[in-house]
Amino acid sequence: MLLTIPTTHTPATDLGYLLHKNPARIQETELAFGRARVFYPVANEDLCTVALLLEIDPIGLTRRNPADAAAEQYVNDRPYVVSSFLSVALAKVFGTALGGRSKERPELAEQAIPLRVEMPVVPARGGSDLIARLFEPLGYTVETVRYPLDPAFPDWGMSPYCRVTLEAECRLSDLLRHLYVLIPVLDDRKHYWVGEDEIEKMLRRGAGWLADHPDREFILRRGLKRRGRLTRLALQRLTGEEDSDQELHLRQRNEEEGALERTIRLNDIRLDTVAETLQESGARRVLDLGCGEGKLLQRLLKSKQFERIVGLDASVRALEIAHRRLRLAEAPPKVKERIELLHGALTYRDRRLEGYDAAALVEVVEHLDSARLAAMERVVFEHARPGLVVLTTPNREFNATFESLPAGEFRHRDHRFEWTREECQAWAAGVAERRGYSVVHRGIGDEDPELGSPTQMAIFTRLES
Ligand code: SAH
């Protein structure tokens, strides 16, 4: 099985430094299931191609697994197609590059360079457009040619195998991580036992891209060998901090087809409402406290009114996703000057948060232990003390309308509490009174005449300037 990666970056031979493999030599690595060879069919200034040739020993595999002696063990496609064997080989042979490190060319490892991947035989179970579906959202130009089952017998139709070329301007480590995760997904098989540690592996290799992938659930499901519990766990880990409606959506998914749309809609309406409220206040310098994956920041960035935008979150993972969502790595200096992402906790005084016109706290307070609420109150309303604070949180009363949510349970397993409207208003009145703010309340989302809206919003305005 062969995979080649050409680059036209100049000098192209820098590829050898990025991969920690000298273009002048053939290098061999023994693996549990066979042997990997790395060599360079072309290596000059303008074009350098690395080839990874993997020879699998199917007989050896069978011997190690004698209980299952079916003919399939001897006659199968494993030696010829890219599969989880290749993923393992990639991680083993190009581990340093996969991790984004390069001893000799550290800056180049960080840089997007023109890269291609050529794979002569890729199993695409689920149709050849699956390859495009998985790789195009990551920025690749995808070319696939499907092989017939047997060219001598056209009536037999097409095989699941394709020749695939991927092309992109990206970091080598990103490309390797995409291949590592997605190749077994295309094949819909993994040759090794998959347990909870596989979630860790997928999330680590998927950091910064998997959470945003439109087919993330499908990728996790296949990557975890369709084990439902693992897939759910992985999805929760991947999206848990993203928004509190996600889990609710998962519960409802099997019951109601429209649930996804509804959840997404509420999420969008909520963020739009907060963005508009900030806009109308005339604020120029704004904070998004507990910014998560940066969906509100994305909206704020679009309005020129906001001269300075700061997102703060306790989760590094969420900030990484926000960084990517906002495309900050590639952003022009003008954008980079306007926005900043800060890693921090809302429960400790932070001088970086002082001097702002307004702050948003969208679906954050319910993630704090009740005992920590007072600390957050001081950090936000006493020390940071912006002119305006826009806070949203679920309205627990509305939960009764969610058929799939057992009574008394919260919308998200990380919620420490969910307030009724009365509880929220009582807390907000106390804060306003203690800290010198006035407060008004609004509902967000379709309102139930008795239970109110799904989301409640409190708008605090500082009394003295
Ligand atoms: N505001 C975002 C994210 C809401 S999820 C949105 O509406 O999409 C809640 C976020 O609060 C998570 O990203 C979580 O990491 C963050 N968070 C929870 N406790 C925090 C704390 N003590 N300090 C800072 N951020 C916190």
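The values are calculated or read from the model by the stated rules, or taken from the named source; none is laboratory data. The structure presented is a predicted model; accordingly, all values stated were derived computationally and were not measured. As a convention, Cβ positions derive from the backbone with ideal geometry for all residues, glycine included, and neighbour counts pool all protein chains shown. Heavy atoms of the whole protein, side chains included, go into the accessibility calculation; ligands, DNA and RNA do not. Shrake-Rupley method; radii C 1.70, N 1.55, O 1.52, S 1.80 Å.
Quick notes
- Put simply, when 265-275, 397-407, 364-374, 172-182 are sorted by average Cβ atoms within 10 angstrom per residue, most first, you get 172-182, 265-275, 364-374, 397-407.
- Taken about its Cα centre, the chain carries a charge dipole of roughly 1280 debye when the Cβ of each Lys and Arg holds +1 and the Cβ of each Asp and Glu holds -1.
- Basic side chains Lys and Arg get +1 at the Cβ, acidic Asp and Glu get -1 at the Cβ, and with that the dipole of segment 2-192 about its Cα centre reaches some 580 debye.
- Volume in Å³ per residue [convex hull over Cα atoms, computed for the chain]: 181
- Table column - 3J(HN,Hα) (Hz), segment 195-207, Karplus curve with 6.51, -1.76, 1.60, x for Gly and Pro: x, 5, 5, 5, 4, 4, 4, 5, 5, 5, 6, x, 4
- With a cut-off of 11 Å between beta carbons, the residues surrounding K304 carry a summed charge of +3, where Lys and Arg count +1 and Asp and Glu -1.
- Stokes-Einstein diffusion of segment 393-461 at 4 °C, 1.567 mPa s viscosity, Kirkwood radius from Cα pairs, rounded to a whole number: 101 µm²/s.
- By a 1.4 Å probe calculation restricted to protein chains, K201 has an accessible surface near 60 Å², given to the nearest 10.
- Once backbone amide H atoms are built at 1.01 Å from N, A359 has L287, L388, V389, V390 as its partners under 5 Å, excluding neighbours fewer than 5 places away on the same chain.
- Segment 261-462: relative contact order in percent, alpha carbon pairs under 8 Å with at least 6 residues between: 19
- With contributions of -39500 (n - 2.57) from each DSSP H run of at least four residues, the per-residue ellipticity at 222 nm computed over the chain stands at -10000 deg cm²/dmol.
- Heavy-atom SASA rank of Y17, Y40 (probe 1.4 Å, accessible area, largest first): Y17, Y40
- Formal net charge of residues neighbouring T144 (Cβ-Cβ distance under 13 Å; K, R +1; D, E -1): -2
- Accessible area of E354 in the full protein assembly, 1.4 Å probe (Å², nearest 10): 60
- On a per residue basis, segment 261-462 carries 46 Å² of accessible surface, using protein heavy atoms and a 1.4 Å probe.
- Heavy atoms of W427 accessible to a 1.4 Å probe, total area in Å² rounded to 10: 40
- Here the 3J(HN,Hα) profile of segment 425-437, calculated from phi with Karplus coefficients 6.51, -1.76 and 1.60 at θ = phi - 60°, is 5, 5, 4, 5, 4, x, 4, 4, 4, 5, 10, x, 10 Hz, Gly and Pro shown as x.
- Under-5 Å amide H pairs with V42, H placed in peptide plane, nonlocal only: T49
- Nonlocal amide H pairs with L31, under 5 Å, H built at 1.01 Å: A36
- Theoretical FRET efficiency, 1/(1+(r/R0)^6), r = Cβ-Cβ of T461 and A152, R0 60 Å, to 0.05: 0.15
- Nearest-20 debye value, segment 346-465 charge dipole, Cβ charges on Lys, Arg, Asp, Glu: 680
- Karplus 3J(HN,Hα) series, Hz, for segment 344-355 with 6.51 cos²θ - 1.76 cosθ + 1.60 (x for Gly, Pro): x, 10, 6, 9, 10, 4, 9, 5, 5, 9, 7, x
- The count of lysine pairs in the chain with alpha-carbon distances below 14 Å, taking only pairs 8 or more places apart or on different chains, stands at 10.
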